[in-house]
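Data first, discussion second: the structure below is written as structure tokens.
Read the figures in this text as sums done on the coordinates, not as results from a lab. Small disclaimer: the values here were computed from a predicted structure and weren't measured. Counting neighbours? That spans all protein chains shown, and the Cβs are built from the backbone with ideal geometry, glycine included.
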Ligand code: C2O
Ligand code: CU
Ligand code: CU
């Protein structure tokens, strides 16, 4: 796989245009398809071969400000978007928030996104959890410079579910996401509509992020230097949907809440303060087969869970808090509130929690589990500073021999968190959890094993793991080995897998895997 960064000059030479709108001819090498630089603010059309998409969106990353705390506005970076063609509902703003607008798409739709980078540094957008071709995956080698535009073309192939988008430039994903660049990407399909879940005003996003502010209401990132890099950024204030002290007014009826842990590194142990169990209906890759009851849910960075919450038995005026319970997660020792639900209006509804949410949505795993040796990924502290995967750190275009897979293959991958066995810093201690993410697909979690040394920390979070259903990110605790089952379908090329603790990722705890046809 070759990677070629093209500069503005290269591009202009390549297509022979000196200004105004640029036309990308369809005879460009495959590697350059999808990449278009704009001259000034003109947006260039995508390669002809893609035809007219069902939905076309202009998306940009800009610097701005927003009111988060009382007093001075906070400087943020944000995604702004507008629908160029297709249904207006394809985008939905999150009022008062720095979060990007919610993409609302249907399975089967073809999409074109024109992403313009109006930041003062390079960036690129990644569609987290979506099964898209490599050119549309937002790999750091495709990052564009300030003023440039990148055109994404893809079809929505995924099941209905809660996906999201965020930046992915090498070494700068952590700060860019932290300053506000993130948004949800929701997919609907027929199977899900047939279930009859709460919809519209009763289907709500809950994006959880931790932040740290200075006395002037400005965001602080990286204030603890090396500590932040090794541990990952940990804030002292929880925001929900970009707002502080989040209050959610509800009616006396059932709701669908879509939770995303959009934090850089914080792991949450979520529970209702009054002990009411949580009813989980979906994970990263959409609906579970059946609803699941949990006393608490463990949500690692990048993970999503969807909850069915019925407020119909609650008295008017009642306030119910979603809280973080103490656990062995880094800086997770105390109870703190996430948000407060306020039962505000009386309303009756006829929706009921279905016993069955989806059918036959998991692969038959028996063959792969019994007959295949897992591909091993060892997670450890490197000899210098920094976290490694199989002893390596990120290289922009390299995939090692043991990182090459075959298109169409079903494989078992095993992530082994080697805490306690390394020799570097923290090697003797218990190390840190790593939420491991694989680009371009959804996988199944098929087995967990934990060492006796890791057991007591593991016990503080493990009842909250939702391992059922489809996932793109799995938490691997210190001393733990987790096996996942994945299949490489439809697209070949270079994809990423990495720790989704964004500071770990930025420091190089990320590698490519190459799907060969
Ligand atoms: Cu959510 Cu490679 O990222
Ligand atoms: Cu991803
Ligand atoms: Cu990590």
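See the values below:
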item	result
Kirkwood hydrodynamic radius of the range 200-345, Cα pairs, Å	16.0
Compactness of the chain as Cα Rg over 2.2 N^0.38 Å, two decimals	0.94
Cα centroid separation - the range 182-203 against the range 337-386, whole Å	17
The chain: calculated mean residue ellipticity at 222 nm from DSSP helix runs of at least 4, using -39500 (n - 2.57)	-2000 deg cm²/dmol
Residues 477, 509 arranged by fewest to most Cβ contacts within 10 Å	509, 477
Hull-based mean projected area of the range 314-473, where the convex hull spans the alpha carbons, in square nanometres	14.7
Long-range tail of P(r) for the range 239-287 (Cα pairs > 14 Å, %)	69
Computed lengthening from residue 489 to residue 201, 0.36 nm per intervening residue step minus Cα-Cα distance	100.1 nm
Spherically averaged projected area in nm², based on the convex hull that wraps the Cα atoms of the range 161-273	9.3
Volume per residue that the Cα convex hull of the range 117-226 spans, once the total is divided by residue count, Å³	152
For the range 393-517, Kirkwood radius (reciprocal of mean inverse C-alpha pair distance, Å)	15.3
Beta bridge orientation in the chain: antiparallel %, DSSP, nearest 5	75
Estimated FRET transfer efficiency (residue 335, residue 290; beta-carbon r; R0 25 Å; 0.05)	0.25
Cα Rg, Dmax, the range 315-396, angstrom units	23.4, 61
